[in-house]
């Protein structure tokens, strides 16, 4: 009798986790396949306990789940949201163009020798990038060279006319996240538990990182440093780069450039501090929205994590209300 009760309780928690996962991606207009539901199944308790794919498929076929979710063309979505399928298909084309531009800029950035890794972020779901949006890059730098990297990245994109503006962001390059390879654990950026049960948005954001330049296998070290994510997304696996590996410029080039320009790190820091936007200065290091130091530059003045965390919960509860609040 007790085993039966525990099984029912376990089934109910899996059903709730599935609905919450679909609701989360609904916020980004992204329907999921059964495999993607399994991959992004979120454990709010942080137990790190994996769920078998077969269990997810079995649960999706249950009568209870069919009241809450609809299926079409192998995609699952909240009832009445079948338009998401055409949106997802259209975004594949947009994403290809944006990723190709990101790869193009990474091939230029590789001549900035202190760059160890470049990835594309803000993609909640595979290649889920909006046509009108910019391209957010995530850059990992060599030790003690984060300010030099930012200086030259901004310089290059400005010269190429690829810096986003308030009225012109489409396919522009957004450079708002840099971190040094000396400190790659980002668990301290998770929103405090007092504000939200767990920062689902940030964890999914990190797991959506798409590598496009990784000549030093930095992505593997980054994932090891952020193994804590697996407590919440136990079924998730790192994304493999969709591009051929771009080679670095070589040790001799690195040594020559670093010898000639490395001493400018401190000057670049002072210069960028003086030129930094007023909004960033006002929010600097007050919380995890804007973090500025010699190991991390997180310049998200319009950080919407709390808003998104609250919105997905509202979507979830609305879905339950449409079925009398029962799973």
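Since every read-out is calculated from the coordinates, none of them should be taken as a lab result. Nothing here was measured: the structure is a model prediction, and the numbers come from that model.
Oblate is the label for segment 29-104. Its Cα gyration tensor axes, ordered a ≥ b ≥ c, give a/c of at least 1.5 and b/c at or above a/b.
Each principal axis of segment 61-114 carries a Cα extent, and these read 57, 22, 14 Å when sorted largest first. Sequence-distant contacts, meaning Cα pairs under 8 Å at least 6 residues apart, place the relative contact order of segment 93-303 at 26 percent. Of the DSSP beta bridges with both residues in the chain, give the percent that are antiparallel, rounding to the nearest 5. Roughly 75 percent of the beta bridges in the chain run antiparallel, per DSSP.
In the chain, the DSSP-assigned H stretches of four residues or longer account for a calculated mean residue ellipticity at 222 nm of -14000 deg cm²/dmol, using -39500 (n - 2.57) per stretch and the full residue count as denominator. With semi-axes defined as the square roots of five times the eigenvalues of the C-alpha gyration tensor, the equivalent ellipsoid of the chain measures 39, 20, 19 Å, largest first.
Averaging Cα coordinates gives a centre for segment 222-238 and one for segment 253-312; these two points are 25 Å apart.
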